[in-house]
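Structure record follows, encoded as structure tokens.
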Amino acid sequence: MAEEYKGIMAYSEDRDTLFELLSKGRELADQLQTEVSAVLLGEKVEAEAGELASYGADKVYVVESPQLKGLLAEACAEALHAVISQAKPEVFLVGATKRGKELAPRVAEKLGTGCVAECVALEVDAGRRELKMKRVVFGGKVSSTHIIAGKPAIATIPPRIFEKKKADGRTAEAVKVEAEISPPKAEIVEVKPKEMAGIRIEEAPIVICGGRGLKQQEDFKMLEELAEVLGGQVGCTRPIAADRGWFPEWVGLSGKKIQPSLYIAVGVSGAIQHVAGIRSSKIVVSVNKDADAPIFADSDYGIVEDLYKVVPALTEALRKILKK
Amino acid sequence: MAAEEKFDVIVVGAGLAGSTAAYVLAKEGLQVLLIERGRQAGAKNMTGGIIYSRVVHEVFPNFWEEAPVERAITSYNIVFLGENSAVTLNLKAPGLGKPPYNAFSVLRAKFDRWIAGKAEEAGATLVTGVTVDELVMENGKVKGIKSGSDELLADVVIDAEGAKSLLVEKAGLRGDFKPEDVSVGVKELIELPEETVNERFNVGGGEGASYTLVGYTKGVAGGGFLYTNKASISLGIVARIDMLVEKQVKVHELIEDYKVHPFISKLIEGGNVAEYSAQIIHEGGIAQVPRLYSDGFLAAGSSACLLINNLFTLRGMDLAVASGAAAARAVLKAKERNDFSASSLSAYESLLREAFILTDMEAFRRTPSLLNNRRFFTVYPDLACSVMEELFSVNPAPSEKAFKVVRRHMKGKAGLLDVLRDLLGVYRAL
Amino acid sequence: MEIIVCAKYALDVAEIKIDPSGKPLLDGVPRRVSDIDKNAMEAAVNIKEKQGGTIKVVCFGPASAKEGLKELLAMGADEAYLVEDPSGGMLDTAATVEALAAAIQKIGSFDLILCGEATTDGYTGQVGPRLAGKLGIPQITYARNLNVEGNSVTAERDLEDAYETVKAPTPVLVSVTREINVPRIPSLMAILKASKKPMTIWKLEDLGLSKEKLEQVSTLQTVDLQGFAVERKRVVIKDKPVEEAVQELVSYLMKEKALGV
Ligand SMILES: Cc1cc2nc3c(=O)[nH]c(=O)nc-3n(C[C@H](O)[C@H](O)[C@H](O)COP(=O)(O)OP(=O)(O)OC[C@H]3O[C@@H](n4cnc5c(N)ncnc54)[C@H](O)[C@@H]3O)c2cc1C
Ligand SMILES: Cc1cc2nc3c(=O)[nH]c(=O)nc-3n(C[C@H](O)[C@H](O)[C@H](O)COP(=O)(O)OP(=O)(O)OC[C@H]3O[C@@H](n4cnc5c(N)ncnc54)[C@H](O)[C@@H]3O)c2cc1C
Ligand SMILES: Nc1ncnc2c1ncn2[C@@H]1O[C@H](COP(=O)(O)O)[C@@H](O)[C@H]1O
């Protein structure tokens, strides 16, 4: 019965993430000698199918329906269920944006299969036709590797884990899937966009991260100056973003996982969930006035001192050296 | 707010004293409420240490068969730390490793939970995550406790909240502490694999070692300890607060110094500091012990300042267990008479005496003044080390007699008379 | 409003140790109610305080989860249900949902199911959406606030790029973020009262399930667990004038070639 399931399928409502998944999917599919497909969901999306081919899709399944307005999970799950029942992929990759993270398990439940959330590495065993999915558990202390016996094996993957690789000259077949989608019971009443920062923090070579040690939003200007001198980006901890709303996103287990060459934590206590996001940083520096703050155990260099004294002094010192 | 529930006794603090008291009372059928501010019993008690078995065995016979003890201590050491050297006195006796044992190392997070569990098994109600803020008083009599806006009444309140003992003060049984009577204790738990501990300390089969550290404290009155748990080492120091202030030294500096001292660094090498904790300790000895009871109120354990620090051993845990049991027995007697006045509860004091607690403390009543003598922390440890170093190193110069060496090293640091006086002091105090 | 809160008695991740070979030591790790599930309980209590109703808390977990359920009863739940997990936590989210759904069906009617955005140990965020899917009800995830009016629930979701307000009719499942509220710390009286509230303990068989059935549903296998070992240098500069400390740091960073010079 498992024989019926073949190929790798990817979906994300976020285009860049979908490109990344397709690029990775292509690599896995080549190992398994199978096809890659993408899914597009929306009211009118067919026109976008072309671009997906250049990232590795052989087929693009398109579901168009007025019920897909706003991409509510209820409706998307029905659409994906229809696509998967028809195409029968052995692997289904979903972008782990928050929308993707709530959608994949709902689809998995409908299909009676398993799902691994927020994978940071994928590997296939071509002989056994098995997908090994690696993720981070226990507050970021442990990495776990899973396989799924059900079909398809579903994995969600955060943005920026895999590189997108464009190959020109490829074409893909667009397949329209007629799915009966019941009108979703939920409805979107209002959308308030967040003010987004400049480049994505996941790509910054140097990240200066502010925590609750900073008393007011204005004080982040200090960090921005330092970031400017260093050519880096400013990020923050969860309470700064989610409680105080000073930034759209945060660094950590439930936020962005980053891998800069230099990471500077300012007024950050170093909770395990925060540290989970910075494990791949090359060098970690911290400034905290509390000598017992756990962040020092996870730092290469630390200064025990008031950040309001250290940050301006550090900015000045670096400005001199870097002549900016 | 009136309670639907009525308890005979409310015990504040599920440390060793509190849980023991609750256990003894509940076993006799009393309605007991045991209140602990930590998320669990033991959650806030990182101090741990060496628990001396004798009195614990009386309340919980053969407790080592069931309780989470780490190692039976069979090797006792006193170490004088010099600048770069150390002189060690070692005691090993075969009897120490056999029932009823002399002492065990324990980790409080586990051990306290075990005793609190015994109290619950016996029928006491344990409530965790709740802090008692106040006593309910009526005409100078203790009637119950307050926590937030909740009030709860009982015939007797047993205070076992540990060294801070705010309720003892609120019950009017003591005034402020004198700075010279209070020390601060800090402890680090350093994790090492069990086999490494066995090898390094030359112990095995559940046996362990304890070290009392003298000297190397920047002249601050105090001393350190190091002992082996199953798969970790506890390293700590107890230092007098007034002298830390006087010398402008922070305790954590002292422990950091310890960790790089050659004698200690090789014992803890490669270990991972898993916990750090600090707590106050009463050093005033018997003179500091407040009145232990009033109408409807008893204090047990370190909230009653029941602690013996004789320079070489620090005993608080066994005294906490024994005093918790004694307090409970005093309440049981009072319950027979249905009289919970101070005079009815005064049986507590004689019960403490029977359990040798007050007698032990009286026997050591001179040790606090021993701790006042700075030479014990400044001169003698260095002296011991430099004298030993010289006696054992082979020099080209003609050998001196040992006594002469000692005299030479003492010059300018301590007079012979001081030393004789100090030796007499030690003799009388111990 | 009849509310059901799903709460996990999760491993206390702070207490997980890694052995020298890199294997996590999971035996005997203490458990606690998963942090964000307390936010879910607080949200339920807030609703009940405003418009009345009942709160039932459901947990699929080990027998020791009774301790955690007591805490949630003290926070304000009226009743607690524990479905005992005979597997020692080895099952996947599909099996968890199978058990929770069976318990919820046995409990009977409900208007609102509240979950946390994710648990502190496994951190999958799957149980809520899966459960909503299984029960065929709408879901609102990542709710940072929540409003109940008559038979409809409105919540503002915290997404990466926007706050999205979603309205859904009951019955509905909502998963909350930890920012939605500050969970109350139960008072002494609340704890004493909670000890008298009903707690029902079900074996899988009581729900028409079995260990074998759940193992069949659980298709996820864990093939490896490995602790992270990022060793940092841990150089700490302290008790120095600021300028000096900063200079010291800068020279370290130059040595590391972390500044591009
Ligand atoms: C399931 C779950 C997921 C989570 N996910 C994340 C996540 O992805 N990312 C995240 O960041 N958090 C996350 N958290 C929250 C995390 O547990 C911590 O609460 C949070 O990281 C703390 O943020 P902070 O360090 O800014 O604040 P605090 O912990 O309040 O630390 C502030 C620090 O600033 C220092 N300080 C104060 N004033 C000064 C000064 N003048 N100079 C120098 N230092 C000063 C203080 O000593 C303190 O150490 C999560 C929690 C849970 C339960
Ligand atoms: C660093 C250090 C090392 C030590 N080493 C040793 C040793 O090796 N051997 C030895 O025998 N002794 C040692 N001691 C002494 C020993 O720890 C104490 O004597 C002993 O813990 C006293 O027990 P207790 O039950 O009276 O109080 P504690 O153990 O302090 O317990 C008090 C309990 O009450 C709770 N509590 C406090 N206030 C409230 C409140 N208001 N409401 C509710 N709950 C409350 C606390 O959370 C705690 O659980 C050491 C002490 C220190 C500081
Ligand atoms: N074993 C469980 N019992 C009850 N509820 C659970 C259980 N596991 C997960 N949940 C609920 O589902 C949410 C998400 O959990 P998870 O998918 O494990 O991250 C949690 O916050 C709980 O509300």
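The values are calculated or read from the model by the stated rules, or taken from the named source; none is laboratory data. Model, not experiment: these values are computed from the prediction. No Cβ is skipped: glycine too gets one built from the backbone with ideal geometry, and neighbour counts run over all protein chains shown. Accessible surface is based on the protein model in full, side chains and every heavy atom, while ligands, DNA and RNA are left aside. Shrake-Rupley method; radii C 1.70, N 1.55, O 1.52, S 1.80 Å.
Taking the Cα centre of the protein assembly as shown as origin, sum charge times position over the Cβ atoms of Lys and Arg (+1) and Asp and Glu (-1), and report the length of that vector in debye to the nearest 20.
Numbers: 125 positive and 139 negative charges, 489 e Å.
For the protein assembly as shown, the charge dipole is close to 2360 debye.
For chain C, the longest principal axis of the Cα atoms and the long axis of helix C:93-107 meet at an angle of about 30 degrees. Rounded to whole Å, give me the distance from the Cα center of the stretch C:89-117 to that of the stretch C:139-216. Their Cα centres are 10 Å away from one another. Projecting the Cα atoms of C:Thr170, C:Pro186, C:Gln126 onto the charge dipole of the stretch C:107-261 (Cβ charges, centred on the Cα centre) puts C:Pro186 farthest toward the positive pole. Looking at this model, which pairs from C:Lys8/C:Lys233; A:Lys101/A:Lys185; A:Lys101/B:Lys110; A:Lys192/A:Lys282 are more than 28 angstrom apart at the alpha-carbon? C:Lys8/C:Lys233; A:Lys101/B:Lys110; A:Lys192/A:Lys282, as the Cα separations exceed 28 Å there.
If you place +1 on the Cβ of every Lys and Arg, -1 on the Cβ of every Asp and Glu, and leave all else neutral, what size is the dipole of the stretch C:57-144 about its Cα centre, to the nearest 20 Debye?
On the way: 6 positive and 11 negative charges, 40 e Å.
Result for the stretch C:57-144 is approximately 200 debye, rounded to the nearest 20.
Among B:Ile145, B:Ile50, A:Ile321, the sequence by solvent-accessible area, most first, with a 1.4 Å probe is A:Ile321, B:Ile50, B:Ile145. Computed over the stretch A:8-176, the Cα gyration tensor eigenvalues convert (square root of 5λ each) into semi-axes of 23, 19, 15 Å, ordered from largest to smallest.
To the nearest µm²/s, what D does Stokes-Einstein give for the stretch B:180-282 at 20 °C and 1.002 mPa s, using the Kirkwood radius over alpha carbon pairs as Rh?
Translational diffusion coefficient: 153 µm²/s.
GNM on chain B, C-alpha springs below 10 Å: top fluctuator among B:Asp418, B:Asp242, B:Asp257? Maximum among the listed residues: B:Asp418.
Using just the C-alpha positions of the stretch A:136-184 as equal point scatterers, what log10 of I(q)/I(0) does the Debye formula give at each q in 0.17, 0.27, 0.32 1/Å? Reported log10 I(q)/I(0), two decimals: -1.03, -1.12, -1.15.
What is the diffusion coefficient of the stretch C:93-158 in µm²/s, taking the Kirkwood radius over Cα pairs and the Stokes-Einstein relation at 4 °C with a viscosity of 1.567 mPa s? Don't skip to the answer; put the middle values down first.
Details: Rh = 12.9 Å.
Here the translational diffusion coefficient equals 101 µm²/s.
Measuring nothing but alpha carbons in the stretch C:40-160 and taking Rh as the Kirkwood radius, the Rg to Rh ratio lands at 0.94. Its relative contact order, with pairs defined as Cα atoms under 8 Å and 6+ residues apart, puts the stretch A:206-263 at 37 percent. Angle of helix B:416-429 to the longest C-alpha principal axis of chain B, folded into 0 to 90 degrees and rounded to 10: 30°.
What does the net charge come to around C:Gly227 if you take all other residues with beta carbon closer than 9 Å to its beta carbon, with K and R at +1 and D and E at -1? List each step's numbers first, then the result.
Working: positive: A:Lys141, C:Lys17, C:Lys23; negative: C:Asp19.
Local net charge: +2.
Considering only C:Ala99, C:Ala190, C:Ala143, the mean-square fluctuation computed in a Gaussian network model of chain C, springs between alpha carbons under 10 angstrom, is largest for C:Ala190. Ordered by solvent-accessible area of protein heavy atoms (1.4 Å probe), largest first, the residues A:Asp306, A:Asp290, B:Asp8 come out as A:Asp290, A:Asp306, B:Asp8. Quick one: Debye curve from the alpha-carbon atoms of chain A only, equal weights, vacuum; give me log10 I(q)/I(0) at q = 0.09, 0.12, 0.16 Å⁻¹ to two decimals. Evaluating at q = 0.09, 0.12, 0.16 Å⁻¹ gives log10 I(q)/I(0) of -0.54, -0.87, -1.23. In order along the stretch B:233-249, phi translates into HN-Hα couplings of 10, 9, 10, x, 8, 10, 9, 6, 4, 4, 7, 4, 5, 4, 8, 6, 10 Hz, rounded to whole numbers, per the Karplus curve 6.51 cos²θ - 1.76 cosθ + 1.60 with θ = phi - 60° and x for Gly and Pro.
In this view, the solvent-accessible surface of A:Trp246, computed with a 1.4 Å probe and all protein chains in place, comes to about 50 Å². Taking all protein chains as they are arranged and a probe of 1.4 Å, the heavy atoms of A:Glu43 leave approximately 100 Å² accessible to solvent.
Give the Debye-formula value of log10 I(q)/I(0) at each listed q (0.05, 0.10 Å⁻¹), with one equal scatterer per alpha carbon of the protein assembly as shown, two decimals each. Debye curve over Cα of the protein assembly as shown, log10 I(q)/I(0) at q = 0.05, 0.10 Å⁻¹: -0.38, -1.29. Here chain C has an Rg and Dmax of 22.1, 70 Å, counting Cα atoms alone.
Of the whole protein surface, C:Met90 contributes about 140 Å² of accessible area at a 1.4 Å probe radius.
Go through B:Lys44/B:Lys170; B:Lys143/C:Lys193; A:Lys215/B:Lys259; A:Lys151/C:Lys66; B:Lys92/B:Lys178 and tell me which ones have a Cα-Cα distance over 32 Å in this structure.
Values: B:Lys44/B:Lys170 22 Å; B:Lys143/C:Lys193 21 Å; A:Lys215/B:Lys259 36 Å; A:Lys151/C:Lys66 36 Å; B:Lys92/B:Lys178 38 Å.
Going by Cα-Cα distance, A:Lys215/B:Lys259; A:Lys151/C:Lys66; B:Lys92/B:Lys178 fall outside the 32 Å limit.
Assign one of three labels to the stretch B:118-238, namely rounded, prolate or oblate, based on the Cα gyration tensor with a ≥ b ≥ c the square roots of its eigenvalues; rounded applies when a/c is under 1.5, prolate when it is not and a/b is larger than b/c, and oblate otherwise. List each step's numbers first, then the result.
Values: a/c = 3.72, a/b = 1.73, b/c = 2.14.
Taking the square roots of the gyration eigenvalues as a ≥ b ≥ c, the stretch B:118-238 is oblate.
Would you mind classifying the stretch A:50-112 by shape? Square roots of the alpha carbon gyration tensor eigenvalues, ordered a ≥ b ≥ c; an a/c under 1.5 is rounded, otherwise it is prolate if a/b is larger than b/c and oblate if not.
Numbers: a/c = 1.44, a/b = 1.26, b/c = 1.14.
Rounded is the answer for the stretch A:50-112, as its axis ratio a/c remains below 1.5.
Rounded to the nearest 500, the 222 nm mean residue ellipticity of chain A from helices alone is -8000 deg cm²/dmol, with -39,500 (n - 2.57) taken per DSSP H run of at least 4 residues. Farthest towards the positive end of the charge dipole of the stretch B:180-282, among the residues B:Leu192, B:Thr217, B:His252, is the Cα of B:Thr217, using unit charges on the Cβ of Lys, Arg, Asp and Glu. Among residues other than B:Ala278 with Cβ under 15 Å from its Cβ, the summed charge is 0 (Lys and Arg +1, Asp and Glu -1).
Given springs between every Cα pair under 10 Å in a Gaussian network model of chain C, which of C:Asp27, C:Asp121, C:Asp224 has the largest fluctuation? The residue that fluctuates most here is C:Asp224.
Spatial offset of the stretch B:11-63 relative to the stretch A:281-314 amounts to 41 Å, using the alpha carbon center of each. Here the Kirkwood formula puts the hydrodynamic radius of the stretch A:1-107 at 13.7 Å, using every distinct Cα pair. As an exercise, identify the chymotrypsin sites (Phe, Trp or Tyr not before Pro) in the stretch C:44-140 lying in DSSP coil whose Cβ has no more than 11 other Cβ atoms within 10 Å. Of the chymotrypsin sites (Phe, Trp or Tyr not before Pro), not one in the loops of the stretch C:44-140 has a Cβ with at most 11 other Cβ atoms within 10 Å.
Relative contact order for chain B: 20 percent, from Cα pairs under 8 Å spaced at least 6 residues apart, divided by residue count.
Step through the table entries A:Lys194/C:Lys56; A:Lys289/C:Lys255; A:Lys59/A:Lys257, compare each Cα-Cα distance with 29 Å, and write down the pairs that go over it. Provide the component values of the computation, followed by the final result.
Working: A:Lys194/C:Lys56 36 Å; A:Lys289/C:Lys255 25 Å; A:Lys59/A:Lys257 31 Å.
Among A:Lys194/C:Lys56; A:Lys289/C:Lys255; A:Lys59/A:Lys257, the Cα-Cα distance tops 29 Å for A:Lys194/C:Lys56; A:Lys59/A:Lys257.
Shape analysis of the stretch A:201-322 places it in the rounded category; the axes a ≥ b ≥ c from the Cα gyration tensor give an a/c below 1.5.
Sequence-distant contacts, meaning Cα pairs under 8 Å at least 6 residues apart, place the relative contact order of the stretch A:8-176 at 30 percent.
The C-alpha atoms of chain C define a longest principal axis, and helix C:65-75 lies at about 80 degrees to it.
Rank A:Glu202, A:Glu123 by accessible area, highest first, at a 1.4 Å probe radius? Don't skip to the answer; put the middle values down first.
Working: A:Glu202 20, A:Glu123 115 Å².
In descending accessible area the options line up as A:Glu123, A:Glu202.
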